[in-house]
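A.B. asks: Below is a structure I'd like to ask you about.
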Amino acid sequence: MEETKSYWKLIGWLKKQKRINVVTFYEEVPVNGILELETIDETRRQIIWKNDPKLLPVLKYERILFFKKDEEIFTLSVIAYDEKEIATTFPEVATEPKLNRSYVRVKVSPEDDIKVMIENKELKVEDISEAGIGITGKKEDLFQLQIGKEYEFLLKIKNEIMKIKGVVVHKETNTAGIKITDISLKDQDKIARYIMNRQREIARKIFMFKD
């Protein structure tokens, strides 16, 4: 983040606030916590916070914390932590708009995967929400997908097969994101039910980390 007046105004705001609400994500499920400011080291560009026990189980796996000021979202990268304190970097403007999502997204369980059949190619679903899916596959399988084009595809969750339409909204070498544009209410309910059950699985896993 550039060293501008607004940047140091943000640091001043943190000093004044003394505590902020933060969110991290475990398998795309949000985990909320509160950080209490202890010290700001402007030379090393590090911030020491009092740790929140609710964050401890997740920090082993996720090291990015999100917080919001006004309508701007910022991230803190965790440098080190223990049961009492967290050391983070100075804040950066968030490039991943997770806090602004309208729908809950979850990562698909590796033990119970979801498949999608699109353009005669079977691809793996990496994450899913009621609004869209993230898919992974070989470069040659994803190459034919065009950003902005609507496709008809089959989504298989457990033994349920759903016929859905969606638009490719982004694509990289081995991944792509599809926004759902046409789905029956019945199939939408099936996806919502899967997400709810998956959230429970993830919540149980987070609880187990505490032991």
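A.B. asks: Just the residues that are at pLDDT below 90, part of a helix (DSSP H, G or I) and open to solvent by 60 Å² or more (accessible area, probe 1.4 Å), please, taken from the stretch 1-53.
C.D. replies: LYS5, SER6, TRP8, LYS9
A.B. asks: Six or more apart or on different chains, Cβ atoms under 7 Å: show the pairs whose first residue is in the stretch 42-67 and among the acidic types (Asp, Glu) and whose second is at pLDDT 90 or above and surrounded by 17 or more Cβ atoms within 10 Å (Cβ to Cβ).
C.D. replies: ASP52/GLY33; ASP52/LEU35
A.B. asks: Restricting to strands (runs of 3 or more DSSP E) lying wholly in the stretch 142-211: which have 3 or more residues that are under 17 Å from VAL104 (Cβ atoms)?
C.D. replies: The qualifying strands (runs of 3 or more DSSP E) are 175-182.
A.B. asks: Looking at the stretch 2-21, I want the residues that are closer than 20 Å to ASP52 by Cβ and have a partner that is in a helix (DSSP H, G or I) with Cβ atoms under 9 Å, at least 6 apart or on another chain. Which pairs are those?
C.D. replies: ILE20/LEU14
A.B. asks: Considering only the stretch 153-208, state which residues are among the acidic types (Asp, Glu) and more than 17 Å from ASP127 (Cβ to Cβ).
C.D. replies: Once the filter is applied, which keeps residues that are among the acidic types (Asp, Glu) and more than 17 Å from ASP127 (Cβ to Cβ), the stretch 153-208 yields GLU160, ASP182, ASP187, ASP189.
A.B. asks: Looking at the stretch 100-120, which of its residues are surrounded by fewer than 12 Cβ atoms within 10 Å (Cβ to Cβ), modelled with pLDDT of 80 or more and polar (S, T, N, Q)?
C.D. replies: ASN120
A.B. asks: Just for the stretch 54-77: of the residues that are part of a strand (DSSP E or B) and in contact with a Lys or Arg (Cβ under 7 Å, 6 or more places away or on another chain), which one is surrounded by the fewest Cβ atoms within 10 Å (Cβ to Cβ)?
C.D. replies: Selected residue: SER77.
A.B. asks: Show the residue pairs that are 6+ apart or on different chains and have beta-carbon atoms under 8 Å apart, the first residue being within the stretch 127-142 and more than 19 Å from ASN197 (Cβ to Cβ), the second being acidic (Asp, Glu).
C.D. replies: Final answer for the pair search is ILE135/GLU126; THR136/GLU126.
A.B. asks: If MET196 satisfies all but one of (1) closer than 19 Å to GLU28 by Cβ; (2) surrounded by 15 or more Cβ atoms within 10 Å (Cβ to Cβ), what's the number of the condition it fails?
C.D. replies: Among (1) closer than 19 Å to GLU28 by Cβ; (2) surrounded by 15 or more Cβ atoms within 10 Å (Cβ to Cβ), the lone unmet condition for MET196 is (2).
A.B. asks: Let me ask you something else. Give me a count of the residues in the stretch 78-96 that are open to solvent by less than 50 Å² (accessible area, probe 1.4 Å) and hydroxyl-bearing (Ser, Thr, Tyr).
C.D. replies: Residues flagged as open to solvent by less than 50 Å² (accessible area, probe 1.4 Å) and hydroxyl-bearing (Ser, Thr, Tyr) within the stretch 78-96 amount to 2.
A.B. asks: Here are THR89, THR24: which of them is among the hydroxyl-bearing types (Ser, Thr, Tyr) and over 30 Å from ALA192 (Cα atoms)?
C.D. replies: Testing whether each residue is among the hydroxyl-bearing types (Ser, Thr, Tyr) and over 30 Å from ALA192 (Cα atoms) leaves just THR89.
A.B. asks: Do we find a residue being assigned to a strand (DSSP E or B) and over 19 Å from VAL106 (Cα atoms) anywhere in the stretch 120-135?
C.D. replies: Just the residues of the stretch 120-135 that are assigned to a strand (DSSP E or B), to begin with: 121-128, 132-135.
Now narrow it down to the ones that are over 19 Å from VAL106 (Cα atoms): 121-122.
Taking every residue of the stretch 120-135 in turn, at least one turns out to be assigned to a strand (DSSP E or B) and over 19 Å from VAL106 (Cα atoms).
A.B. asks: Hey, does the stretch 158-176 have a residue that's within 17 Å of the chain's Cα centre (by Cα), touching a residue at least 40 places away in the same chain (Cβ under 8 Å) and open to solvent by less than 10 Å² (accessible area, probe 1.4 Å)?
C.D. replies: yes
The values are calculated or read from the model by the stated rules, or taken from the named source; none is laboratory data. These numbers were taken from a predicted model, which means no experiment stands behind them. So basically every Cβ, Gly included, is an ideal-geometry build from the backbone, and we count neighbours across all protein chains shown. Heavy atoms of the whole protein, side chains included, go into the accessibility calculation; ligands, DNA and RNA do not. Shrake-Rupley method; radii C 1.70, N 1.55, O 1.52, S 1.80 Å.
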